[in-house]
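Q: Once you've had a glance at the structure underneath, I'll fire off some questions.
The values are calculated or read from the model by the stated rules, or taken from the named source; none is laboratory data. Note that the structure is predicted; figures quoted are calculated from it, not measured. A quick note on method: Cβ atoms are made from the backbone with ideal geometry, for glycine too, and the neighbour counts reach across all protein chains shown.
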Amino acid sequence: MNIFRGTDIGIDLGTSKFSICLRGEGEVASEAAYVAYRGDRLTEHSLVAFGDEAKDMVGKVRSGTIHVVSPMRDGIIVDCSMASFILQKMAQKSGIRWRRGRSSTLVTALLGASPLERKAFMNVAESLGSSRVVVLDEPLAAVNALPVDLSEPYAQMIVDIGEGASEAMVVCYGRKIIGRSIRVGGHSMDEAIIQYARRDHGIIISSLYARQIKESIPESIGLRGIDMTNAMPMLKPYPTHDIVRLITETSEPIVEMVSELLSVLSPDMAVDLIENGIHLSGGASRSYGLRDRIAAVTDLEVRLVDSPEKAVIRGCEKILNYVDYVS
């Protein structure tokens, strides 16, 4: 069991997944941002499941008997008590016991979050008992996961594409120079695919299956779901170019955000990016054709970071080594 007294904690509260890391130990817990419970409200006694186990229950339990919900929406906390509850359960499951003391908690939040929305992230982090809480922009955490020396005088650009939002940031000397944020991400693409299946093919598909289609179009064998005419299971082929078009249209605001950010950079920073390219992070960065689309529009090399869905928590782990100097 890890009993940290004065041990610093890093937390990534993503739309689809929560992750925890400890200074000197790395990531110690990661679970889907879901909880399942019976009755009118979530308590210890009404809890059915949390994390990955709860996510697996989405769409597979009878409505009204068990509620499967998430405290997150588009990268923002909509239920602080539920988010804190999940974090505490993750700690218990991983053998971590929170202890109050002189320690820091680093929690990431959207670059584009409002002061009130950032306050929600701080409130959840404070529930862990640390004496100091630091709220850090997600793309700044993600860029720290890159295998480069950020202390050097060269610009680096990260585009963090999550399920609920997408954000771009240029840093130099390890500090933010400029950034942009929009509330368009993987969920927007998933919803476009779900609506297409209903409208054009009369089939109801799940959000999980829509995500699978989004990430691996060539390997997909067809739309699998429920026939809207007779409520029977159905497998129906579809033109792959339709899905490619949907992803291209839905992700266009992301591409425009990247282009707009590049257009306001100084010539010196633009030269650095010709050499260093653009780095993609976030779970939705794997969306089919997105990297090629950004590369075609910007005429820059676009690289997918290793395990892009883990970039933010890996960056948190690195920042924890000098968290005392972060404000």
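Q: Report yes if Asp74 is within 17 Å of the chain's Cα centre (by Cα), of a type in the set (Asp, Glu) and surrounded by fewer than 18 Cβ atoms within 10 Å (Cβ to Cβ), otherwise no.
A: Numbers: within 17 Å of the chain's Cα centre (by Cα): yes; of a type in the set (Asp, Glu): yes; surrounded by fewer than 18 Cβ atoms within 10 Å (Cβ to Cβ): yes.
Criteria met by Asp74.
Q: Shifting gears a bit: Filter segment 51-69 down to the residues that are under 18 Å from the mean Cα position of the chain (by Cα) and in contact (Cβ under 8 Å) with a residue 40 or more places away in the chain and list them by number.
A: Correct list: Gly51 only.
Q: Could you check how many residues of segment 146-169 are under 19 Å from the mean Cα position of the chain (by Cα) and of a type outside the set (S, T, N, Q)? Quick ask: steps written out before the conclusion?
A: Quick first cut of segment 146-169, residues under 19 Å from the mean Cα position of the chain (by Cα) only: 146, 157-169.
With the extra rule that they be of a type outside the set (S, T, N, Q), the set shrinks to 146, 157-165, 167-169.
The number of residues fulfilling the criteria is 13.
Q: Confirm whether Leu128 is of a type in the set (A, V, I, L, M, F, W, C), outside the structural domain of Glu27 (by TED's automatic domain parsing) and either at pLDDT below 95 or part of a helix (DSSP H, G or I) (or both). If you could, list the steps in order and put the result at the bottom.
A: Numbers: of a type in the set (A, V, I, L, M, F, W, C): yes; outside the structural domain of Glu27 (by TED's automatic domain parsing): no; either at pLDDT below 95 or part of a helix (DSSP H, G or I) (or both): yes.
The answer is no for Leu128.
Q: Same structure, new question: Check Val271, Val264 and return the single one that is over 30 Å from Tyr34 (Cα atoms) and free of Cβ contacts under 8 Å to residues at least 40 places away in the same chain. If you could, list the steps in order and put the result at the bottom.
A: Numbers: Val264 fails: free of Cβ contacts under 8 Å to residues at least 40 places away in the same chain.
The unique qualifying residue is Val271.
Q: Taking Glu252, is it under 20 Å from the mean Cα position of the chain (by Cα), of a type in the set (Asp, Glu) and not in a loop (DSSP other than H, G, I, E, B)?
A: On the way: under 20 Å from the mean Cα position of the chain (by Cα): yes; of a type in the set (Asp, Glu): yes; not in a loop (DSSP other than H, G, I, E, B): yes.
The answer is yes for Glu252.
Q: Moving on. Given (1) β-branched (Val, Ile, Thr); (2) in contact with a Lys or Arg (Cβ under 9 Å, 6 or more places away or on another chain); (3) farther than 18 Å from Asp190 by Cβ, identify the lone condition not met by Val271.
A: Among (1) β-branched (Val, Ile, Thr); (2) in contact with a Lys or Arg (Cβ under 9 Å, 6 or more places away or on another chain); (3) farther than 18 Å from Asp190 by Cβ, Val271 violates only (2).
Q: Now a separate question. Asp79 - would you say it is in the same structural domain as Leu22 (by TED's automatic domain parsing), free of Cβ contacts under 8 Å to residues at least 40 places away in the same chain and either out of contact with any helix residue (DSSP H, G or I) (no Cβ under 7 Å at 6 or more places or on another chain) or more than 28 Å from Ala168 (Cβ to Cβ) (or both)? Write out each step before concluding.
A: Working: in the same structural domain as Leu22 (by TED's automatic domain parsing): yes; free of Cβ contacts under 8 Å to residues at least 40 places away in the same chain: yes; either out of contact with any helix residue (DSSP H, G or I) (no Cβ under 7 Å at 6 or more places or on another chain) or more than 28 Å from Ala168 (Cβ to Cβ) (or both): yes.
In short, yes.
Q: Looking only at residues that are part of a loop (DSSP other than H, G, I, E, B) and touching a strand residue (DSSP E or B) at 6+ places or on another chain (Cβ under 8 Å) in segment 255-269, which one is surrounded by the fewest Cβ atoms within 10 Å (Cβ to Cβ)?
A: Initially, segment 255-269 is screened for residues part of a loop (DSSP other than H, G, I, E, B), giving 264-266.
Subsequent filtering for residues that are touching a strand residue (DSSP E or B) at 6+ places or on another chain (Cβ under 8 Å) retains 264-265.
Numbers: Val264: 10, Leu265: 17.
Top of the filtered list is Val264.
Q: Still on this structure, I have one more. Working only within segment 219-254, note down all residues that are without any contact (Cβ under 8 Å) to a residue 24 or more places away in the chain and exposed (fewer than 11 other Cβ atoms within 10 Å of the Cβ). Walk me through how you get there before you give the answer.
A: Let us first name the residues in segment 219-254 that are without any contact (Cβ under 8 Å) to a residue 24 or more places away in the chain, namely 219-222, 224, 226, 230-233, 235, 237, 239-241, 245, 252.
Within segment 219-254, Glu219, Ile221, Asn230, Ala231, Met232, Pro233, Pro237, Pro239, His241 qualify.
Q: Test each condition in (1) of a type in the set (A, V, I, L, M, F, W, C); (2) in contact with a helix residue (DSSP H, G or I) (Cβ under 7 Å, 6 or more places away or on another chain); (3) more than 21 Å from Val264 (Cα to Cα) for Val170 and report the one that comes out false.
A: Condition (3) is where Val170 drops out.
Q: Can I ask one more? Could you look through segment 274-290, keep only residues that are over 12 Å from Asp160 (Cα atoms) and touching a Leu at 6+ places or on another chain (Cβ under 8 Å), and pick out the one that is surrounded by the fewest Cβ atoms within 10 Å (Cβ to Cβ)? Spell out the reasoning first.
A: First, the residues of segment 274-290 that are over 12 Å from Asp160 (Cα atoms): 274-277, 287-290.
Then keep just the ones that are touching a Leu at 6+ places or on another chain (Cβ under 8 Å); that gives 274, 277, 290.
Details: Ile274: 10, Gly277: 16, Leu290: 27.
The selected residue is Ile274.
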